1. Determine the calculated [θ] at 222 nm for the chain from helices alone, applying -39500 (n - 2.57) to every DSSP H run no shorter than 4 residues and normalising by the residue count; nearest 500 deg cm²/dmol.
2. With an 8 Å Cα cut-off and a minimum separation of 6 or more residues, compute the relative contact order for the range 61-127 in percent.
3. Between Gln192 and Arg135, what's the calculated FRET efficiency when r is the beta-carbon distance and R0 is 25 Å? Round to 0.05.
4. Which length gain, in nm to one decimal place, applies between Tyr112 and Arg142 when the Cα-Cα distance is subtracted from 0.36 nm times their residue separation?
5. Quick one, could you list the DSSP H helices from the chain stretching 15 Å or more along their long axis (Cα atoms) with average Kyte-Doolittle hydropathy of -0.5 or above?
6. Per residue, how much accessible surface does the range 109-159 expose to a 1.4 Å probe? Answer in Å², no decimals.
7. So, for the range 1-91, what is the accessible surface per residue at a probe of 1.4 Å, expressed in square angstrom?
8. Let a ≥ b ≥ c be the square roots of the eigenvalues of the Cα gyration tensor of the range 109-155; is it rounded (a/c under 1.5), or, if not, prolate (a/b larger than b/c) or oblate?
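The values are calculated or read from the model by the stated rules, or taken from the named source; none is laboratory data. All of these numbers come straight from a predicted model, not from anything done at the bench. Quick reminder, even Gly has a Cβ in these numbers, built from the backbone with ideal geometry, and neighbours come from all protein chains shown. All accessible areas refer to the heavy atoms of the entire protein, side chains included, with ligands and DNA or RNA removed. Shrake-Rupley method; radii C 1.70, N 1.55, O 1.52, S 1.80 Å.
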Amino acid sequence: AVDDAVDEIVPEAEWQAGLTPEARARAVEQVRAWRVELAACFGERAPITWQGRSLQPCVQEFQLPRAAFEEVTDGAETDLERGRYPTFEALEGYCRRVASAVGLICVEIFGYSDPRARAYAVNLGIALQLTNIVRDVAADLRRGRVYLPEEDLARFGVTAEDLGAGRVTPPIRELLRFECDRAREYYRRAAQDLPAAD
């Protein structure tokens, strides 16, 4: 719901010129409303949405970490504030917020006996988000976003305009291979981190 508050605020066709100030203001307000609803799920008042009413008993039953939900919300809000990442380090922080935080919530629900399961969740989240980024290059471009780090684009001599042209040139192929290899490394780390008991 928080992700949709940002990405579905206007039809995809209207993203070409970027969000209008009015659409951006609506998205900011929706994210703010989800923050209030999240607070309600953690006992500050009664939730008012079906999502909040459904989540609240799970928060208590599984001792879900509020900080992880706040990270997801922060990550979605980041998409309203920036559309580029200069370095992989900056992108990795985004991946941790929008994907690893979800994994950290999930492991509390699934249950685990070894705290290393949390490292598994973090690395798997990064791997999955990097996979989404490679898969969604064209869709993200339509929303004015290039998640591939600028340092990687420069390394392979690729520009956002090259990506937008829709042709897979040899430099683009090498760039995407590099990003896929990075995702595979995080999948490898996740598999290594998953405790046998869990």
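1. Numbers: 11 runs with 136 residues, N = 198.
Using -39500 (n - 2.57) per qualifying helix, the result is -21500 deg cm²/dmol.
2. On the way: 61 pairs, mean separation 26.6, N = 67.
Normalised by residue count, the contact order of the range 61-127 is 40 percent.
3. The pair Gln192/Arg135 has a calculated efficiency of 0.55.
4. On the way: separation 30, 0.36 × 30 = 10.80 nm, distance 3.99 nm.
Working it through step by step, the gained length comes to 6.8 nm.
5. Details: long enough: 21-41 (30 Å, -0.23); 50-62 (19 Å, -0.68); 66-81 (23 Å, -0.69); 116-135 (29 Å, 0.48); 170-193 (34 Å, -1.29).
Sorted by number, the helices that extend far enough and score high enough are 21-41, 116-135.
6. On the way: 2460 Å² over 51 residues.
Each residue of the range 109-159 exposes 48 Å² on average to a 1.4 Å probe.
7. Numbers: 5130 Å² over 91 residues.
Per-residue accessible area for the range 1-91 comes out at 56 Å².
8. Details: a/c = 4.70, a/b = 2.34, b/c = 2.01.
Judged from the Cα gyration tensor, the range 109-155 comes out prolate (a/c at least 1.5, a/b above b/c).
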